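The values are calculated or read from the model by the stated rules, or taken from the named source; none is laboratory data. Keep in mind that this is a model prediction, so the values were computed, not measured. Cβ placement follows ideal geometry from the backbone for every residue including glycine, while neighbour counts extend to all protein chains displayed.
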Amino acid sequence: METDRMKIPPMGLDKHEILEEMRVLRDQDIAWEDNRAFSLVFHHTDAHTEFLKSAHNLFFSENGLNPMAFKSLRTFEHEAVRMSANLLNGAEDAVGTMTTGGTESIMLAVKTYRDRARKLMPWIRRPEMVIPITAHVAFEKAGKYFDVRMVHAPLTEGYRLDLRAMERLINNNTLALVGSAPNYPNGMIDPIEELGAFAEKYRVGLHVDACVGGFFLPWAERLGKNIPPFDFRVPGVTSVSADLHKYGYAAKGASVILYRGMDYLRHQFFVYVNWPGGVFASPSMPGTRSGGSIAAAWAALNGMGESGYLANAVTVLDTTDRFIKGIERIQGLRVLGSPPVGVFAYNSFDKRINIYAVADEMAKRGWHIDRQQKPPCIHLMINPGHAKIVDQYLQDLEDAVETVRDNPHAALSGSAPAYGLMAGAPMRGLVEKNVLDMMEAMYGPEGKSPDLQSKDGKSAIPAPVMAWMRFRAGLARMLNI
């Protein structure tokens, strides 16, 4: 139903009132400033954030679409790319561009490998990339957009990439391999040196997704952390993506996509010379490019400096160690694998402890919890501010675990059934359809905000499937199986 709020007001409203209403709406968002969230926002210090805002606002209206008109932005981008390439051990020939974020960086890499193959290997008609099952979902998105099939390699029992299985998946249609440093779901670094050897052996590309770790792992390595080589030092690595707006502590959205040489990057560019509007050339996906984000990224790199990034790494590594040791001291919980830096996940090996029910209990205590599947687990990404809340989190977590252990029905209440059942639901095509229905409801004319437990027919799991799985879960709980 249309309301006056859905139309541009006839007269401009009072600007102070507008800002106040925006603040009220913002108060409904997650309270990341209280360090009770573990994703979505990478915050270093309040002073650093104010510095970024100043740098961003200096170039608020500038547009990176035309580097000849805004030579300042071209300087910022070039220097940010060179600093990133040097940090990741690129040679003098290493090149790249800034992007709006990790998804664009990954999508550009996939597009580049596809277009390069079209030029140099025209016999490939059904292009594929071999990726770990833990590779970022942006590769799936890129595969759909650019018609490149993503072939999934499994993990071993220790949550490490199964190298033998991955090698068996390489064939004449393979454009490139993918490794993560680290991956998002469990924070493990894939064996990049071994993947590099595969890439050279089979003469395919190797993209390293270091969107999370690109601006953290080098500092951890300098501090003596055992970080296996993951960047351009590894023969066979042909491209690396790294997010400036994560552990680079730049403003959103800022990432880099780097290549070993111009013979790759040239296939990323778009040029069209027959448009009546003039000759058009673009280095990345957008036309208009935010001058503020480019400028703030350059400012962040220079403002933090090596000393700032090293000090940050000390805090994050120490805080991560406190979290992991504290979680593993809680009876029934375990951290997945052996993640080396501030990205990890944990779950329960005790059948009495449903990890999604634990997540619900933690949410009741004011924490924003990221739930994952395959296996069911809780995910954390650590920033400096989390050092202040480790003890409170661990105490709340211990209490939440005890509550769930003492309450056998906790897994059948709250959002736990919805998350758990969606993760394990059969007929994934039906689940996908219902998720699409949810998207339609959110972005349709009424702008609804459905959730996993919606009772209006727009839940993620079809009603009959949900009913059957609830019954099965309840029966299993009763029989303790």
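Among the residues of segment 295-317, write down those that are of a type in the set (Phe, Trp, Tyr) and out of contact with any Phe, Trp or Tyr (no Cβ under 7 Å at 6 or more places or on another chain). Correct list: empty.
The single residue among 159, 202 that is surrounded by fewer than 24 Cβ atoms within 10 Å (Cβ to Cβ), in the same structural domain as residue 108 (by TED's automatic domain parsing) and on the phi > 0 side of the Ramachandran plot turns out to be 159. Of the residues making up segment 17-75, just one is more than 21 Å from residue 249 (Cβ to Cβ) and among the aromatic types (Phe, Trp, Tyr), namely 70.
Each row is one residue, and each column tells you yes or no for (1) farther than 23 Å from residue 176 by Cβ; (2) surrounded by 15 or more Cβ atoms within 10 Å (Cβ to Cβ); (3) without any contact (Cβ under 8 Å) to a residue 12 or more places away in the chain.
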{"position": "74", "(1), (2), (3)": "yes, yes, yes"}
{"position": "79", "(1), (2), (3)": "yes, no, no"}
{"position": "82", "(1), (2), (3)": "yes, yes, yes"}
{"position": "118", "(1), (2), (3)": "no, no, yes"}
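Picking from residues in segment 1-39 that are of a type in the set (A, V, I, L, M) and in contact (Cβ under 8 Å) with a residue 12 or more places away in the chain, the one that is nearest to residue 445 (Cα to Cα) is 1. I'd like to check something: does segment 228-240 contain any residue that is within 17 Å of residue 113 (Cα to Cα), of a type in the set (Ser, Thr, Tyr), in contact with a His (Cβ under 6 Å, 6 or more places away or on another chain) and buried (at least 21 other Cβ atoms within 10 Å of the Cβ)? Yes, segment 228-240 contains at least one residue that is within 17 Å of residue 113 (Cα to Cα), of a type in the set (Ser, Thr, Tyr), in contact with a His (Cβ under 6 Å, 6 or more places away or on another chain) and buried (at least 21 other Cβ atoms within 10 Å of the Cβ).
With a requirement of 3 or more residues that are farther than 19 Å from residue 269 by Cα and not hydrophobic (A, V, I, L, M, F, W, C), the helices (runs of 4 or more DSSP H) lying completely within segment 47-158 that satisfy it span 71-87, 138-146. Test each condition in (1) in contact with an Asp or Glu (Cβ under 9 Å, 6 or more places away or on another chain); (2) outside any loop (DSSP other than H, G, I, E, B); (3) surrounded by fewer than 15 Cβ atoms within 10 Å (Cβ to Cβ); (4) not acidic (Asp, Glu) for residue 171 and report the one that comes out false. Exception for residue 171: condition (2).
Could you say whether any residue in segment 384-404 is closer than 29 Å to residue 190 by Cα, outside the structural domain of residue 188 (by TED's automatic domain parsing), under 24 Å from the mean Cα position of the chain (by Cα) and not in a helix (DSSP H, G or I)? Within segment 384-404 (the criterion being closer than 29 Å to residue 190 by Cα, outside the structural domain of residue 188 (by TED's automatic domain parsing), under 24 Å from the mean Cα position of the chain (by Cα) and not in a helix (DSSP H, G or I)), the answer is no, since none of the residues qualifies. Contact map, segment 87-110: residues that are free of Cβ contacts under 8 Å to residues at least 40 places away in the same chain paired with residues that are basic (Lys, Arg), Cβ distance under 8 Å, separation 6+ or inter-chain. Pairs shown: 103/141.
Number of residues in segment 90-131 that are over 23 Å from the mean Cα position of the chain (by Cα) and not aliphatic (A, V, I, L, M): the value is 12.
Restricting attention to segment 269-280, does a residue exist that is closer than 26 Å to residue 162 by Cα and either in the same structural domain as residue 320 (by TED's automatic domain parsing) or not acidic (Asp, Glu) (or both)?
no
Return yes or no: is residue 182 assigned to a loop (DSSP other than H, G, I, E, B), without any contact (Cβ under 8 Å) to a residue 40 or more places away in the chain and in contact with a Gly (Cβ under 6 Å, 6 or more places away or on another chain)? Judged against the criteria, residue 182 is not a match.
Can you tell me which of 348, 284 is surrounded by 14 or more Cβ atoms within 10 Å (Cβ to Cβ), of a type in the set (S, T, N, Q) and under 30 Å from residue 218 (Cα atoms)? So the residue among 348, 284 that is surrounded by 14 or more Cβ atoms within 10 Å (Cβ to Cβ), of a type in the set (S, T, N, Q) and under 30 Å from residue 218 (Cα atoms) is 284.
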